[in-house]
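The values are calculated or read from the model by the stated rules, or taken from the named source; none is laboratory data. Bear in mind the structure is a predicted one, so any value in this text is a computation, not a measurement. Virtual Cβ from ideal backbone geometry, glycine too; neighbours counted across all protein chains shown.
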Amino acid sequence: MKRFIRTAIIPALAVAGLMTAVAGVPSVAGAETLKTATIAILDQRRLFSESLVSQDITKQLRQFSQTFGNEENNTKNALLKEKEELEKQRPVIGEAMFEQKFNALRTKADQLNRKMDLHQKQLNVAQMNTNRELQKVLAPIISKLSDSKGANVVLEKSQVVHSTAALDMTTEVIELLNKQLPTLKVTLPTEAEIVDLEKKAGAAQP
């Protein structure tokens, strides 16, 4: 049976994409009206770790992951026990019967691997869908707050070599986000929905 290692689940706020939307870029025709850039700083790492909604999403995804892991481990242990029992019976039941039972066991192991793969896809899609809903609230917060500060460019803190604390609007963004969206329900897609997404992705391939 294949070994499975579940990756850590951390929801991404995808702030980088929001930065682009906030920092309006003039057309070439209007380039002569370009004003001096007024910059604000946003710390994506703090948004990940400190916002209530991000913590809530992380907690829910970890709970789903733990439930899946427990189910998978129970099935795996049952298959290992069945395999051990089959090995003990081998001298008694003969090679033909042993091969038949072993093939049946291998089928169960393949089913487990497919189930584990499905679980990971469900978590990934659930995270993606939840992030999409989160961005619907977060983008206007960043846009309105930057406008109120007269900022026409918002930069991610990790991309800035040096800045003063006065430019950082992270705390205000977190406070507004906490008020508007302290929690967000994570919904796992069904197996049928995963299959449908994969079909659509395959159809979109050139």
What residue, of 102, 68, 48, 98, is part of a helix (DSSP H, G or I) and either in contact with a Phe, Trp or Tyr (Cβ under 7 Å, 6 or more places away or on another chain) or under 30 Å from residue 151 (Cβ atoms) (or both)?
-> 48
Residues located in region 109-135, provided they are hydrophobic (A, V, I, L, M, F, W, C) and in contact (Cβ under 8 Å) with a residue 12 or more places away in the chain = 109, 112, 116, 118, 123, 125, 126, 134
When (1) within 30 Å of residue 110 (Cβ to Cβ); (2) modelled with pLDDT under 95 are applied to residue 13, the one that fails is (1)
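Every residue, every condition in (1) over 30 Å from residue 175 (Cβ atoms); (2) of a type in the set (A, V, I, L, M, F, W, C), yes or no:
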{"position": "58", "(1), (2)": "no, no"}
{"position": "66", "(1), (2)": "yes, no"}
{"position": "90", "(1), (2)": "yes, no"}
{"position": "134", "(1), (2)": "no, yes"}
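Conditions tested, residue by residue: (1) touching a Lys or Arg at 6+ places or on another chain (Cβ under 8 Å); (2) at pLDDT below 90.
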{"residue": "1", "(1), (2)": "yes, yes"}
{"residue": "7", "(1), (2)": "no, yes"}
{"residue": "28", "(1), (2)": "no, yes"}
{"residue": "41", "(1), (2)": "yes, no"}
{"residue": "47", "(1), (2)": "no, no"}
{"residue": "59", "(1), (2)": "no, no"}
{"residue": "62", "(1), (2)": "no, no"}
{"residue": "65", "(1), (2)": "yes, no"}
{"residue": "72", "(1), (2)": "yes, no"}
Go through region 104-132 residue by residue and tally those that are surrounded by fewer than 16 Cβ atoms within 10 Å (Cβ to Cβ) and within 22 Å of residue 173 (Cα to Cα).
-> 3
Within region 179-192, is even one residue farther than 27 Å from residue 62 by Cα and either of a type outside the set (Ser, Thr, Tyr) or loosely packed, with under 14 Cβ neighbours inside 10 Å (or both)?
-> no
Pairs returned, first residue in region 169-192 that is touching a residue at least 60 places away in the same chain (Cβ under 8 Å) and in a loop (DSSP other than H, G, I, E, B), second residue that is charged (D, E, K, R) and surrounded by 12 or more Cβ atoms within 10 Å (Cβ to Cβ), beta-carbon separation under 6 angstrom, 6 or more apart or interchain, are 183/56
Conditions (1) among the polar types (S, T, N, Q); (2) outside any helix (DSSP H, G or I); (3) closer than 17 Å to residue 186 by Cβ: number failed by residue 131 = (2)
Only one of these is buried (at least 18 other Cβ atoms within 10 Å of the Cβ), in contact (Cβ under 8 Å) with a residue 24 or more places away in the chain and not aliphatic (A, V, I, L, M): 163, 146. Name it.
-> 146
Does residue 157 satisfy the condition of being modelled with pLDDT of 95 or more and under 16 Å from residue 47 (Cα atoms)?
-> no
Going by the structure shown, is residue 137 under 30 Å from residue 201 (Cα atoms) and surrounded by fewer than 15 Cβ atoms within 10 Å (Cβ to Cβ)?
-> yes
